[in-house]
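Derivation of every value follows stated rules applied to the coordinates shown; laboratory data play no part. On a predicted model such as this, the values are computed, not experimentally measured, just so you know. Here the Cβ is made from the backbone with ideal geometry for all residues, glycine too, and neighbour counts use every protein chain on show.
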Amino acid sequence: MKKILILCAVIFGFVLTASAQDNEKAEFKFNEEKHDFGKIPQGTPVTTVFEFTNIGKEPLILSNVQPTCGCTIADFTKTPVKNGEKGIIKITFNAAAAIPFNKTIVVTSNAKTPTKYLNIVGEVIAKPTTSSR
């Protein structure tokens, strides 16, 4: 009986330690996680900036920001973002095809939630054709 009680106490201690460490980790708080460009003209790149704050205790380090298609370019804060400080993820979409779009950007970091998904949406409108006479 004593062995079972000691084993339970040890397991409980590990669980408490693990959850306390989890609360120490870095964590995102974004100003928005989805940006709607609305209607944009074909052939005109558009840019938005996703701003985030580190609400965790450890410095937040972005290891990768990967758009899911080649028509989107990402630039991001490369230095560690300390507790309470802000960082950015700048997304540029090249509006080549005249269609609605919904693109995902995968953000990988050391945060409590290590993978975050950002979205950009909108509709690319074809340029009016000019007729020559």
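Tabulated values for the structure
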quantity: Residue-by-residue Karplus 3J(HN,Hα) for the range 56-70, coefficients 6.51, -1.76, 1.60, Hz, glycine and proline x; calculated: x, 8, 7, x, 9, 10, 7, 8, 7, 10, 10, x, 8, 8, x
quantity: Sequence-distant residues sharing a close amide H with residue 125 (under 5 Å, placed H); calculated: 40, 42
quantity: Neighbour net charge for residue 104 - beta-carbon separation under 15 angstrom, K R +1, D E -1; calculated: 0
quantity: Model label zone, residue 24; criterion: amide N under 12 Å from point 7 Å along Cα-to-beta-carbon; scope the range 53-96; calculated: 57-59
quantity: FRET efficiency for residue 42 and residue 117, using Cβ-Cβ distance with R0 set to 25 Å, rounded to 0.05; calculated: 0.40
quantity: Global geometry of the range 24-125, whether rounded, prolate or oblate, following the gyration tensor of its Cα atoms and the 1.5 cut on a/c; calculated: prolate
quantity: Length added when fully stretched, residue 63-residue 94, from 0.36 nm per residue minus Cα-Cα; calculated: 8.8 nm
quantity: R0 of 25 Å, Cβ-Cβ distance residue 31-residue 82: FRET efficiency to nearest 0.05; calculated: 0.90
quantity: Virtual paramagnetic centre 7 Å along Cα→Cβ of residue 106, amide N under 16 Å, in the range 32-67; calculated: 63-67
